[in-house]
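Let me begin by presenting the structure, written as structure tokens, before commenting on it.
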Amino acid sequence: MIKGFISYKSSKIAFVIENFRMELFSENNNLLDSFINEYRLEQEFILYGRYFGIGMQGQKITFFVEYILGSTCYLRCYLINSIGSDSIFDTIGFQSLFLDDVFRYKYNYIDKSRAGENLSVKSQSVYKFNFSMNNRQYGLEYRIGQDTRLGLLEDFDKRGELLVSLHTNEIQEYNDITIVLYRFAMFMISRADVPFKEIILYKNGIKNGWFYCPLVCESASSFKEVAFGDFDVMKYIPKILNNISLDAGNEIKNSIPLGHLKNHELLFSPQRFIEQVISFEYLFDKLDRKRARSHGVTLKEELKIMFDKFPQLLNNTNITSEMASEKIKEIRRVITHGYSYYYGFMNDSKLQFLIIRFDELILKMSLTWIGFTDEEIKDYPLAY
């Protein structure tokens, strides 16, 4: 639970934050009513205040508020400055066990240790490249190892860290970068639940603040490192990240779709199946707009075209592209027209097999839209 006060009209209004809901309190009801009336019609605005954790010295805190309802502010994110920080940051750092898998943390650590490098003394840069977001170029760097300049203040639980250069000191920019990298992790791991362990703001290599949003969870665990054992990071990741960063906001218009990706609770469900169909149709429109917008081409025909483009998906099975396309079309029909809700998704092994193949088809279509060749797509690891 986060406690402190916000600054308003040369006065202070106390707050308590839990689950990104900020409750406001004040002994001066007129002051609180004035604040509520001023902001009640506002959306996506910034507030500033002081956070009091351990001790009496407060730390500056900045809130990105989505909207206010009564005396409750619903937060999109917030950042807490380190003690004495001047609120100027030049880099944002992401610690993620999932991104560690993608960037091959364990493999790189072993390789560098065998080469005689002491990663407990100085951090090492493993990968560097640029990507574009919101018409700006950002530098990205993946590092492993410790930074002994900080002594006991160093994070000894840290494994790898993804560092991104900043252009502004605006919380909106930090939030946009966080969303893009979260979506990137989603695509790479093929799951919707891939939270960050920690997000840190730096100035000249020193921790200057901490960024918090619902995409952070300290208890996250990963299990995909083996899938990326032979992964060619520099061959695939720059292209993928540049595509995902085409859409940093809520609407997806140019980048690959991600709404169909599974999470821990929805491995096989009617809802996710419909999201698969939506993602497929979105990608088919990107890859073959003429036929996608032709009234004479049905969903079944679109599916068959794509299954035939990637025949290896159904190799060594007793299912043809015609059969798979017909089954997917029929499932979509009975769900969307209310004839059945398919409560048996969790117990139908044949249907689950088809859903897995549908996921793989959408993945290969996504890689095609990003710009990879058929040979590169063939070598891409499936992280199902």
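Where a number appears in this text, it was derived from the coordinates with a stated rule and is not lab data. Remember, predicted model here, so these are calculated numbers, not experimental data. Neighbour counts run over all protein chains shown; Cβ positions are idealised from the backbone, glycine included.
Tell me whether the range 158-265 comes out rounded, prolate or oblate; compute the Cα gyration tensor, take square roots of the eigenvalues as a ≥ b ≥ c, and use a/c under 1.5 as the rounded threshold.
Cα axes put the range 158-265 in the rounded bin.
Among [x] 1.50; [y] 1.13; [z] 1.02, which is the computed Cα Rg over 2.2 N^0.38 Å?
After the calculation, the listed value that fits is [y].
Suppose only helical runs count, i.e. DSSP H with n ≥ 4. What mean residue ellipticity at 222 nm does that imply for the chain under -39500 (n - 2.57) per run, divided by all residues and rounded to the nearest 500 deg cm²/dmol?
The per-residue figure over the chain is -11000 deg cm²/dmol.
How far, in degrees from 0 to 90, does helix 349-370 lean away from the longest principal axis of the Cα atoms of the chain, to the nearest 10?
For 349-370 against the chain, the angle is about 70 degrees.
Would you work out the relative contact order for the range 1-123, in percent, from Cα pairs under 8 angstrom that are 6 or more residues apart?
18
Give the aspartates and glutamates whose C-alpha is closer than 19 Å to that of LYS253, dropping any in the same chain fewer than 8 places away, or say none.
The reachable aspartates and glutamates, counting only those whose Cα sits under 19 Å from LYS253, are ASP176, GLU275, GLU281, ASP285, ASP288.
Run the dipole for the chain about the Cα centre, Lys and Arg Cβ at +1, Asp and Glu Cβ at -1, nothing else charged, and hand back the magnitude in debye, nearest 20.
Dipole magnitude for the chain comes out near 320 debye.
Relative contact order for the chain using alpha-carbon pairs under 8 Å, separation at least 6, rounded to a whole percent?
Values: 622 pairs, mean separation 51.3, N = 384.
Normalised by residue count, the contact order of the chain is 13 percent.
Nearest 10 degrees is fine. How inclined is helix 29-39 to the longest principal axis of the chain, computing both from alpha carbons?
That works out to roughly 40 degrees.
For the chain, modelled as a GNM with alpha-carbon contacts under 10 angstrom, which of GLU218, GLU265, GLU275 fluctuates the most?
For the chain, modelled as a Gaussian network with Cα springs under 10 Å, the answer is GLU265.
Using alpha-carbon positions, what is the distance between the centroids of the range 45-90 and the range 236-261, in Å?
Centre-to-centre (Cα) distance: 29 Å.
Lysine pairs, Cα distance under 13 Å, 8 or more residues apart or cross-chain: how many in the range 270-379?
Lysine pair count for the range 270-379: 8.
Just to confirm my understanding: which cysteines in the chain have no other cysteine beta carbon less than 4.7 Å from their beta carbon?
CYS73, CYS217
Let a ≥ b ≥ c be the square roots of the eigenvalues of the Cα gyration tensor of the range 270-379; is it rounded (a/c under 1.5), or, if not, prolate (a/b larger than b/c) or oblate?
Numbers: a/c = 1.80, a/b = 1.30, b/c = 1.39.
Taking the square roots of the gyration eigenvalues as a ≥ b ≥ c, the range 270-379 is oblate.
Could you tell me whether the range 2-78 comes out rounded, prolate or oblate from its Cα gyration tensor? Rule is a ≥ b ≥ c as square roots of the eigenvalues, rounded for a/c under 1.5, then prolate if a/b exceeds b/c, otherwise oblate.
Verdict is oblate for the range 2-78.
Which number gives the lysine pairs in the range 47-192 that have C-alpha atoms under 26 Å apart and are eight or more places apart or on different chains?
Lysine pairs meeting the criterion: 9.
Between TYR67 and ASN316, what is the FRET efficiency for a Förster distance of 56 Å, r being their Cβ-Cβ separation, to the nearest 0.05?
FRET efficiency, TYR67 to ASN316: 0.60.
Which of GLY249, GLY296, GLY49 moves the most in a Gaussian network model of the chain with Cα springs under 10 Å?
Maximum among the listed residues: GLY296.
Set Lys and Arg Cβ to +1 and Asp and Glu Cβ to -1, take the dipole of the range 56-104 about its Cα centre, and tell me which of ILE92, CYS73, PHE63 lies farthest positive.
It is CYS73, whose Cα lies furthest towards the positive end.
Express the relative contact order of the range 91-244 as a whole percentage, based on alpha carbon pairs under 8 Å and six or more residues apart in sequence.
34
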